Amino acid sequence: MSANPPAPTRVGGQGAGLLYAVAAYGLWGFLPGFFLLLDPASPWEIVAFRILMSLGFCAILLTVTRGWRTLAGLARQPRVLFTMALAGAFIYVNWQVFVLATLSGHVVEGSLGYFINPVITVALGVIVLRERLRPLQWAAVGISLVAILVIAVGYGAFPWIALALAFSFGFYGFIKKRVGAQVDAVSGLTLETVWLAPVAVVQLIITQATLGLTFGSSGPVHLLLMIATGVITATPLLLFASAARRLPLVALGLTQYLAPVLQFLTGVFLLHEPMPVGRWIGFCLVWAALVLLTVDMIRAARAGRRASLPTA
């Protein structure tokens, strides 16, 4: 009996992992509401401060956790350094498009991007890693393509916001997965924001010259919210990293739908964004594709567990 680990320890670890995952995706789901509170700041000012405040928050975390030596070691590796630069480019596109979508009344289309992100991840596996898809995965990809076409035709506009978010975050996740064993969450985000800091500074200068900056001139609450963009950005990433160490891949994959569901509900019921019939049909097709991916993921996990069992 002593050879088996006690059940409470195992359950407790996974229970904590589930709380971390729900907290991470819940925070990501409520991001549209947070960014709307930053009015009258422009999307360009918000993203620039998001980069700089994230860098400042990461510096504090590195100091508290004594992670500067680890960061310095990673910075001396050119491959890691330039990989993080590429990841930073993709996350910059994701952040900028997401804030632009939120402040221009396209929260629902933004949620569509994160709904189809798992399908994009599967497609990247085929294109980049030459992976072979299982039948249910092929069906999910095909249904998603039909859904995008239906939304484009029914809504009268190509869903470029959704696709930009899905592809940018898909490539970002792909890069982070490739270096995940070598680069921890805080060091990775620090290197990404270091690369993006000059972009943020230039963006602030241009914004000041064209639109004007609101930082420090819109009241103390607005000032504190702008500073908090760093915490709002880094905290979900750290929670997600903690969840990933404790949860099985299937459980972690299922929780990822929480963020786009919250964003969708915010756009439809709080912001009252239009939902014509074509868009409803497209979203239903996307949700059907996600059901197929979920079933396939659960089947694959069960098959893996059966294959790992010792034979008699």
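The values are calculated or read from the model by the stated rules, or taken from the named source; none is laboratory data. Predicted, not measured: the structure shown is a model, and the values here were computed from it. Reconstructed Cβ throughout: ideal geometry from the backbone, glycine too, with neighbour counts over all protein chains shown.
So here's what we get for this one:
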| quantity | calculated |
| --- | --- |
| Selection from the stretch 207-265 of residues that are among the aromatic types (F, W, Y) and over 15 Å from V22 (Cβ atoms) | F215, F264 |
| Single residue of the stretch 95-116 satisfying the filter (buried (at least 24 other Cβ atoms within 10 Å of the Cβ) and among the polar types (S, T, N, Q)) that is farthest from L36 (Cα to Cα) | S111 |
| Residue under evaluation A87, criteria (1) more than 18 Å from the chain's Cα centre (by Cα); (2) at pLDDT below 95; (3) within 18 Å of V186 (Cα to Cα), criterion not met | (1) |
| Yes/no for F174 being surrounded by fewer than 19 Cβ atoms within 10 Å (Cβ to Cβ), over 20 Å from M275 (Cβ atoms) and touching a Gly at 6+ places or on another chain (Cβ under 9 Å) | yes |
| Members of the stretch 165-186 that are assigned to a helix (DSSP H, G or I), of a type outside the set (F, W, Y) and over 19 Å from T235 (Cα atoms) | L165, A166, S168, G170, I175, R178, V179 |
| Which numbered condition W280 misses (of (1) without any contact (Cβ under 8 Å) to a residue 12 or more places away in the chain; (2) under 22 Å from the mean Cα position of the chain (by Cα)) | (2) |
| Failed item in (1) over 22 Å from the mean Cα position of the chain (by Cα); (2) part of a helix (DSSP H, G or I); (3) under 30 Å from I60 (Cα atoms), with A244 passing the rest | (1) |
| Some residue of the stretch 201-210 being small (G, A, S), assigned to a helix (DSSP H, G or I) and on the phi < 0 side of the Ramachandran plot | yes |
| Flag if L189 is part of a helix (DSSP H, G or I), at pLDDT 85 or above and on the phi < 0 side of the Ramachandran plot | yes |
| Residue check for T121: under 15 Å from the mean Cα position of the chain (by Cα) and farther than 18 Å from P43 by Cβ | yes |
| Subset of the stretch 257-277 that is assigned to a helix (DSSP H, G or I) and without any contact (Cβ under 8 Å) to a residue 40 or more places away in the chain - its residue that is farthest from P32 (Cα to Cα) | F269 |
| Within the stretch 108-127, tally of residues that are in contact with a Phe, Trp or Tyr (Cβ under 8 Å, 6 or more places away or on another chain), among the hydrophobic types (A, V, I, L, M, F, W, C) and in contact (Cβ under 8 Å) with a residue 60 or more places away in the chain | 3 |
| Residues satisfying the stated conditions in the stretch 12-50, i.e. small (G, A, S), part of a helix (DSSP H, G or I) and modelled with pLDDT of 90 or more | A23, A24, G26, G29, G33, A48 |
| Residue under evaluation Y172, criteria (1) closer than 25 Å to V80 by Cβ; (2) in contact with a Ser or Thr (Cβ under 7 Å, 6 or more places away or on another chain); (3) touching a residue at least 60 places away in the same chain (Cβ under 8 Å), criterion not met | (2) |
| For L204: the one exception among (1) modelled with pLDDT of 95 or more; (2) touching a Leu at 6+ places or on another chain (Cβ under 9 Å); (3) surrounded by fewer than 17 Cβ atoms within 10 Å (Cβ to Cβ); (4) aliphatic (A, V, I, L, M) | (3) |
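Matching residues to (1) exposed (fewer than 14 other Cβ atoms within 10 Å of the Cβ); (2) under 15 Å from the mean Cα position of the chain (by Cα):
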| residue | (1), (2) |
| --- | --- |
| L189 | no, yes |
| V194 | no, no |
| A209 | yes, no |
| F215 | no, no |
| G219 | yes, no |
| T235 | no, yes |
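For every residue, the table says whether it meets (1) farther than 13 Å from E109 by Cα; (2) touching a residue at least 40 places away in the same chain (Cβ under 8 Å); (3) hydrophobic (A, V, I, L, M, F, W, C).
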| position | (1), (2), (3) |
| --- | --- |
| L129 | yes, no, yes |
| R132 | yes, no, no |
| P135 | yes, no, no |
| A140 | yes, yes, yes |
| L145 | yes, no, yes |
| G154 | yes, yes, no |
| A157 | no, no, yes |
| W160 | no, no, yes |
| V183 | yes, yes, yes |
